[in-house]
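The structure appears below as structure tokens.
Readers should treat all values here as calculations from the given coordinates under stated rules, not as data from a laboratory. From a predicted model like this one, the values you see are computed outputs, not experimental measurements. So basically every Cβ, Gly included, is an ideal-geometry build from the backbone, and we count neighbours across all protein chains shown.
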Amino acid sequence: MNRAARRASRRLSRGPCSDCGDDTGAEDYMVHDHIWREYGPNGGDGTGLLCIGCLEHRMGRELWAGDFTHCLLNLFGDPDKSDRLESRLRRPHPPG
Ligand SMILES: [Zn+2]
């Protein structure tokens, strides 16, 4: 699989969180590339998934709206998205 295909796969597929193993189906989101490169699984190479809690644990802070890309997935996404993800997407300012 080439890099573009892996990236597309990360965006579209659902599976277990790379850290805790929980299903990420309710937390399908996209953060900016620089965040994923620094904190994503496998060096942010586009493989693996993280739930919101594990990404925040790696970052040492909670997410806010500015961390997410302005893509349709984030704006509309899954109507069954978790309350946790919903609250981060709606947070207008960085935490703290
Ligand atoms: Zn997790």
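Residue order for 36, 64, fewest other beta carbons within 10 angstrom first, comes to 64, 36.
Taking label positions 7 Å along the Cα-Cβ direction at both residue 90 and residue 38, the computed distance is 2.8 nm, reported to one decimal.
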